Amino acid sequence: MPVVQKELFLLDANVIIHAHDLYYHMDRVPEFWDWLEFHAENGSIAMPNETHGEIQGGANAQHVQWAKNRDVRARLVLDEEFDPDLLNRVIEQGYAPDLNEVELDKIAMDPFLVAYGLKDPDNRIVVSNEVSKPSKQRANRKVPDVCRAVGVKCCNVYQLLKELDFRTNWRQAV
């Protein structure tokens, strides 16, 4: 019987930042953060180390402290090294083959996120709150458009919530 690989959702830093700042503040919806940890522990959600490093906020921002927590980090951060060939492919095909230093700074860690998705495009899905803008070029391209250009599946946080059946009483459903 063939082994069925389950999907792995790779989170962009903006998923964590926006969740806390906009719709699932840790004080109001702690179930969301428990749900993330649960799925990270079970191998359904991960975040590349490079992307994890982009989680920022005020010095005492709860989501930053949560993400830096040793136990959370151990569960959430993907235990893999990036593949330089895949990273170069993402930059060349997804953005442009001749980006300058300013453009490379602008795209930040997004190419790493997409490259980890490209490592297993049948079973990995990039999750980003960026919205597709196909007319954007070079370093202005958005994650969903870069994913499409290199053959990586991409969804937004709401599609993730539906796919992994988030609910405030999620423990009862598991």
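Every read-out reported here was derived from the displayed coordinates using simple, explicitly stated rules and does not represent laboratory data. The structure displayed is predicted, hence computed values, not measured ones. Don't worry about glycine lacking a Cβ; one is built from the backbone with ideal geometry, like all the others, and counts go over all protein chains shown.
Quick check on the stretch 61-107: take the gyration tensor over C-alpha atoms, sort the square-rooted eigenvalues as a ≥ b ≥ c, and tell me if it's rounded (a/c under 1.5), prolate or oblate.
Details: a/c = 4.52, a/b = 1.94, b/c = 2.33.
Because a/c hits 1.5 or more and a/b fails to exceed b/c, the stretch 61-107 counts as oblate.
Provide Cys154, Cys147 in ascending order of the number of other Cβ atoms located within 10 Å of each residue's Cβ, fewest first. Walk me through the numbers on the way to the answer.
Numbers: Cys154 23, Cys147 26.
With the sparsest Cβ surroundings first, the list reads Cys154, Cys147.
Considering the chain, which cysteines have no disulfide-compatible partner, defined as another cysteine with its Cβ under 4.7 Å away?
Cys155
Could you check the simple spin-label distance between Asn42 and Asp79, using points 7 Å along Cα→Cβ, in nm with one decimal?
The answer from the label model is 1.9 nm.
Below 8 Å between Cα atoms, with a sequence gap of 6+, how large is the relative contact order for the chain in percent?
It rounds to 27 percent for the chain.
In square nanometres, what is the average projected area of the Cα convex hull of the stretch 10-173? Each step should come with its number before you reach the end.
Details: hull surface 39.1 nm².
Projected area, direction-averaged: 9.8 nm².
Give me His25, His39, His20 ranked fewest to most by other Cβ atoms within 10 Å of their Cβ, as a rough exposure proxy.
His25, His39, His20
Once you order the gyration tensor axes a ≥ b ≥ c over the Cα atoms, which shape class does the stretch 1-107 get: rounded for a/c under 1.5, otherwise prolate or oblate by comparing a/b with b/c?
Oblate, because a/c is 1.5 or more while a/b does not exceed b/c.
Only counting other Cβ atoms within 10 Å, I'd like Tyr24, Tyr95 sorted with the fewest neighbours first.
Details: Tyr24 21, Tyr95 24.
Ascending number of Cβ neighbours within 10 Å: Tyr24, Tyr95.
Relative to the longest principal axis of the chain, what angle (0 to 90°, nearest 10) does the C-alpha long axis of helix 30-41 take?
Helix 30-41 sits at roughly 60 degrees to that axis.
How many angstrom lie between the Cα centre of the stretch 111-174 and the Cα centre of the stretch 17-73?
Each part's Cα centre sits 17 Å from the other's.
Hey, what do the phi angles of the stretch 104-120 turn into as Karplus ³J(HN,Hα) couplings, whole Hz, using 6.51/-1.76/1.60 and θ = phi - 60°, x for Gly and Pro?
4, 5, 5, 6, 6, 9, 4, x, 5, 4, 5, 4, 5, x, 5, 4, 8
Quickly estimate the mean residue ellipticity at 222 nm for the chain, helices only: each DSSP H run with n ≥ 4 gives -39500 (n - 2.57), and the total goes over all residues, rounded to 500. Walk me through the numbers before you get to the answer.
On the way: 11 runs with 77 residues, N = 174.
One gets -11000 deg cm²/dmol as the mean residue ellipticity at 222 nm.
Just to confirm a number: summing +1 for Lys and Arg and -1 for Asp and Glu over residues other than Asn123 whose beta-carbon lies under 15 angstrom from that of Asn123, what do you get? Could you put the intermediate results ahead of the total?
Working: positive: Lys6, Lys119, Arg124, Lys153; negative: Glu7, Glu80, Asp120, Asp122, Glu163.
Cβ neighbours under 15 Å give a net charge of -1.
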